[in-house]
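My questions will all concern the structure given below.
Computed from the coordinates by the stated procedures, all read-outs in this text should not be read as laboratory data. What you are looking at is a predicted structure, and each value in this text was computed from that prediction instead of being measured. Don't worry about glycine lacking a Cβ; one is built from the backbone with ideal geometry, like all the others, and counts go over all protein chains shown.
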Amino acid sequence: MSTAHIHQASHLERVEAPGSMLTNAAAKTLAVLRYATGFVFLWAFADKTFGLGYATPEAKAWINGGSPTKGFLASVDAGPLQNFFHTIAGTWYANTLFMLGLLGIGLALTAGIGLRIAAASGTLMMAMMWLAEFPLAQHTAKGTPSGSTNPLIDYHLIYAIVMVALAAAYAGHTWGLGRRWAKLPIVQRNRWLI
């Protein structure tokens, strides 16, 4: 082996792996952001399931026969997909997929595992909710002001970006189960599960 090859090999040993270049403070800050974002999803799931009296009164809780999607989707009044959203409002499959999404994304973020799946599914959920609110519209279908404050960047997009950033930064490795999860044989064979 030549001197150049030895130097190159020793240089490669010193290169830091993805995710290890964060400072300790940055990794902890991302962990706090991961927990906070996970709690947003878990709280929405709990409130809609049990009617904790914040966004959902007890009488309209999912366990009491209420629909987690009907009120929101039935009131969509702008955008090209309003008829689609009206059609699926309150259906068993819309309710089930929405609630499983809230729970799954919230648990993944909180535990720090499956962040790529959580980022992908969370981004899809946020995109659907963005389309339902359709902030591009200045007026509703009835011609009244839509109340949109920003036509492009709203909280749905911010949540999606946060989830992608958390997955990209391996944020589950700090104060989470991400490192253990990444070592599981099934995850080693299927890196998309990280």
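Sorted from fewest to most neighbouring beta carbons within 10 Å, what does the list 125, 21 look like?
21, 125
Here's a follow-up. Using only DSSP helix segments of four residues or longer, with each worth -39500 (n - 2.57), what per-residue ellipticity at 222 nm results for the chain after dividing by its residue count and rounding to 500?
-18500 deg cm²/dmol
Additional query: At what distance in nm do the modelled label points of residue 91 and residue 157 sit from each other, each positioned 7 Å from its Cα along Cα→Cβ?
Output for this residue pair reads 2.9 nm.
Over the Cα atoms, compute the radius of gyration (one decimal) and Dmax (the largest Cα-Cα distance, rounded to a whole number) for the range 22-193, in Å.
When restricted to the Cα atoms of the range 22-193, Rg and Dmax are 17.7, 56 Å.
Under a straight-distance cross-link criterion of Cα-Cα below 17 Å, which lysines are reachable from residue 60, leaving out those fewer than 8 residues away in the same chain?
Output for residue 60: 48, 70.
Setting aside same-chain residues fewer than 8 positions from residue 28, which lysines have a Cα under 29 Å from its Cα?
Leaving aside lysines fewer than 8 places away in the same chain, those within reach of residue 28 are 183.
Give me the distance between the Cα centres of the range 61-76 and the range 116-194, rounded to whole Å.
22 Å
To the nearest 10 degrees, how steep is helix 92-111 against the longest Cα principal axis of the chain, on a 0 to 90 scale?
30 degrees
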